[in-house]
1. Under the Karplus relation 6.51 cos²θ - 1.76 cosθ + 1.60, θ = phi - 60°, what is the ordered set of whole-Hz ³J(HN,Hα) values for segment 288-293, x standing for Gly and Pro?
2. When the helix-only estimate is applied to the chain (DSSP H runs of n ≥ 4, each -39,500 (n - 2.57), divided by the residue count), what is the mean residue ellipticity at 222 nm, nearest 500 deg cm²/dmol?
3. Where does the charge balance sit around M222 when Lys and Arg score +1, Asp and Glu -1, over other residues with C-beta under 9 Å from its C-beta?
4. For a quick protection proxy, order the peptides 84-91, 137-144 by their average other-Cβ count within 10 Å, most packed first.
5. Excluding same-chain residues fewer than 8 positions from K274, which lysines have a Cα within less than 30 Å of its Cα?
6. Carbon and sulfur together cover what percent of the accessible area of segment 225-278 at a 1.4 Å probe radius?
7. Quick one: what are the phi-derived ³J(HN,Hα) couplings along segment 294-301, Karplus 6.51/-1.76/1.60 with θ = phi - 60°, whole Hz, x for glycine and proline?
8. What residues have an amide H closer than 5 Å to that of I85, excluding those fewer than 5 places away on the same chain, when H is modeled at 1.01 Å from N in the peptide plane?
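The values are calculated or read from the model by the stated rules, or taken from the named source; none is laboratory data. Note that the structure is a prediction, hence the values are computed from the model and not measured. Methodologically, a virtual Cβ is constructed for each residue, glycine included, from the backbone with ideal geometry; neighbour enumeration extends over all protein chains shown. For the accessible areas, the whole protein counts, side chains as well, though only heavy atoms, and no ligand, DNA or RNA atoms are used. Shrake-Rupley method; radii C 1.70, N 1.55, O 1.52, S 1.80 Å.
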Amino acid sequence: MKPVYIINGFLESGKTEFITFTLEQPYFHIKGKTLLLLCEEGENEYDEALLKKSRTVLELIEKEEDFNSSILIELEKKYKPERIIVEYNGMWNFKNMKLPWHWKVEQQITTIDASTFPMYFTNMRSLLAEMIRKSEMIIFNRCDGVEDLGTYKRNVKAINAKADIIFEDANGEINEIFEEDLPYDLQQDNLELDNYGYGIWYLDSLDHLERYIGKTVTFTAMVLKPETFPKGYFVPGRMAMTCCADDMAFLGFACEYEGADSLEQKQWVKVTAKVAKEYWADYNGEGPILHAVSVKETQVPKESIISFT
């Protein structure tokens, strides 16, 4: 299998700078050629000396229809690279990307210019969502002067909850705590979560579970009972619109409840539960587990779907 590294993002989002930085690192000076597929030309260009030093050959693919398996295989035959880096065009719909069957994506990274993110998120959300949906890492650069990075993070996590998100300004990586952006008081042991609060709590628990261990949360939820779950467990959660009306996800954590067998699929309940960190097979390790204090039937909320827009 041929390893492929995909770097995507809109024009001038920092793709070339990131790839250049990577090519400059000593750990990247390994045996064999690297084929760099450039799918758009921005203001920054690759230094010929660096390409030579890192044994990298560059090929420009200007048209989306030319990014196809037959042309890619011909380029592979021509250069016989050990690895391929793709600087993908942000205006090409990522879900249409087709790679040769023997090319394996080892890593996908999305770069985002924080100063222009609100514009792209508002006007080109579907394209942006396709970019970041399968990315392992999202890099927000040029964060200088951006005050609400917490919102940026939540917008991305709603689409790709597993992605690592990095914020960078002129001084490098920003290690910022977004606790002040939470719509509830973490000093309280009991958290009452409304629609918005539930969504934020769910996403924040994925990154900062330590904030919630031992606390009690109360929220309105829909019952999900996966067939693979052990007796005495269910998932209370909410449907969320992560990008558009056609892009929905169910957000919820496993919950231990002795009366779980009596609950019905898609039943609405008011849940009060304690948050713990425990092993769960679906997590492939430890993660958020709820222990129900009470589960009571309730009415369908006026807004049954959570929106992160």
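1. x, 10, 9, 10, 5, 8
2. Numbers: 7 runs with 66 residues, N = 309.
Value at 222 nm, helices only: -6000 deg cm²/dmol.
3. Working: positive: R238, K266; negative: none.
Local net charge: +2.
4. On the way: 84-91: 22.2, 137-144: 20.1.
Most protected by this proxy first, the peptides run 84-91, 137-144.
5. K153, K157, K162, K215, K225, K231, K266, K296, K302
6. Values: 1320 of 2740 Å².
After summing per-atom areas, the C and S share lands at 48 percent.
7. 7, 9, 10, 4, 8, 7, 5, x
8. Y5, L35, L36, L37
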